[in-house]
1. At most 10 other Cβ atoms within 10 Å and a DSSP loop assignment: could you name the trypsin sites (Lys or Arg not before Pro) in the stretch 230-291 that fit?
2. Just how large is the dipole of the chain about the Cα centre, in debye to the nearest 20, putting +1 at every Lys and Arg Cβ and -1 at every Asp and Glu Cβ?
3. For the chain, what is the mean residue ellipticity at 222 nm derived from helices alone (per DSSP H run of n ≥ 4: -39500 (n - 2.57); sum divided by total residues; nearest 500 deg cm²/dmol)?
4. Could you name the aspartates and glutamates in cross-link range of residue 136, using Cα to Cα under 15 Å and dropping any fewer than eight places away on the same chain?
5. With no solvent and one equal point scatterer per Cα, compute the Debye intensity ratio I(q)/I(0) for the stretch 175-330 at 0.08, 0.15, 0.20 Å⁻¹ and report its log10, rounded to two decimals.
6. Using +1 at the C-beta of Lys and Arg and -1 at the C-beta of Asp and Glu, which of 170, 190, 330 has the Cα lying farthest in the positive direction of the dipole of the chain?
7. Please report the net charge: other residues with Cβ closer than 14 Å to the Cβ of residue 200, K and R +1, D and E -1.
8. In the chain, with Lys and Arg counted as +1 and Asp and Glu as -1 at Cβ, which of these residues, 130, 351, 205, has the Cα nearest the positive end of the dipole, that is, farthest along it?
Amino acid sequence: MCLSVSIGIGFSYAFWNQTEKQQEANAYQTGCFAISLTNQENDINLSNQFPITDSEGKQLVPFTFTVENTCDYYASYAINLEILEGSDMDDEYIKVMLDNNEPVRFDNEKLTAATMVETNSLRSKTLATSGVDAHKSNNHSLRIWMDEDASMDAANKKLNSKIVISAVATEKPLTGADYIESLLADNSNMIIQDESEDKNIRFIGATPNNYVTFNGETWRIIGVFNNMYECPEDSESSKVDIGNYEQQCQQTKMLKIIRDQSIGEYSWDSTESTINDGRGVNEWSTSAIQIALNTAYYNSQVGTCYGGYRKSSKACDFSQTSMKGLDETARNQVARVMWNTGTVDGTTHTYSNTNTKDMYTAERSDNNGKSLCTSGTYCTDTTQRTTKWIGKVGLMYPSDYGYATSGGNTYNRETCLNYKLYSWDSGSYKTDCAQNSWLFNSAYQWTMTPMPSSSSAYFVFIVRGSGRVDYYVAGDTRVVRPVVYLKSGVNIIHDKDSDGSEEHPYGLSM
């Protein structure tokens, strides 16, 4: 069964010479698959409007429609926006936002026979692909506006467009999380359910097949994490209160990935000399690297980064091809989630005696990086400390490194997990525990976990190139490997040409 329907939308700005407005709700049905367009008081009516910013566009009242599946089997579908004959508005001026995805610019995707629905379509852009279970429905929202960069060339121009939805009955695909979970039974040498209370699923060993292409680059899958909270995009109309995240965010399991190579060596944080002697503050939510990752890196822009104490600046241009930030496709696959930023208590558990299992618990605790530091030259910051953070791009945890080990001949995995991470660089612990964790490499790698001290408020846990988990001054420069959680609806592409190996990494799709 295959179904294609189209929903006409015409509109204009004050620049334009014609205004058309959707007036009534439409529903199209064939066989047992229905597509309905819900149109009440929120139809697209953009007459007498002017070019606006993306932030203003995001606040527009959306045009909503519903995709409903009345069949007894799963169906997949694509949502296209097609430009029709009679339009003379330049594509570069049109901005489109579907649901809570990032706004995209209409950019001339050539129609194929499979997507050609309207014979008078000029151009098409696929806004999203999705699926819907039997006897279920998906709601979508659409916002369209003229980009703020529109010049006077856009005056007296017209946009004539349609939403085109093409659906087909298919076998329900496994989400990325479900697919990795399905590998458990037959791949115990490289994937395992860990011993934490959340029973997460992790890739283990020195060389597991956990490679995935993301952002046009090689990343690696840390694993499937249960009891995660996927939060809505932050906007004026949907602010998430960190104290109320359990009610505002959706609890789910999520796929967590890390960039295979670093994006460079940067300070975790850096401050003026009057604050902790210029050595930074070990609070993730306000740290320089957190801000850089979630602004410049996330948006592929030039950022503000540091390469030493007392705000010693360092270039970080993530708009370059050689060191690019996240592209549009990647941004739409990254979830906004609640991250844990707690740490060890500094007494019962310290940087030198904490094992992987206790570190995992500590990361989810209410302990913070300044709890022990109350006075002195290196404790002068007044930054509010938190142990939870909602955002998109982070770093690995010390426990991620620990749980990634498979163990070896002298010390098996269980022994490694119960041994202090600080001593993973000694004797057989290095060869069996550290070198059999695929997250180990010769570089010093930042984690996102602060380390408390009675004398300093700027220590952060790192994974040393020697193999042990230690601490370092936030103002020093160390390797940064971005980590993200993928939206729960992201699927893994797996076949003979994409099996997770380094030569044939998995692909991703929405």
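1. Of the trypsin sites (Lys or Arg not before Pro), the ones in loops of the stretch 230-291 whose Cβ has at most 10 other Cβ atoms within 10 Å are 239.
2. Working: 42 positive and 64 negative charges, 236 e Å.
Its charge dipole is roughly 1140 debye.
3. Numbers: 8 runs with 44 residues, N = 510.
Result for the chain: -2000 deg cm²/dmol, rounded to the nearest 500.
4. By straight Cα distance, residue 136 reaches 68, 72.
5. -0.33, -1.06, -1.24
6. Working it through, the farthest residue towards the positive pole turns out to be 190.
7. Values: positive: 199, 202, 253, 256, 357, 364; negative: 181, 194, 195, 197, 198, 363, 400.
Its environment carries a net charge of -1.
8. Result: 351.
Rule-based calculations on the coordinates, nothing more; no lab input. Note that the coordinates shown come from a computational prediction; the quantities given were computed from them, not determined experimentally. Reconstructed Cβ throughout: ideal geometry from the backbone, glycine too, with neighbour counts over all protein chains shown.
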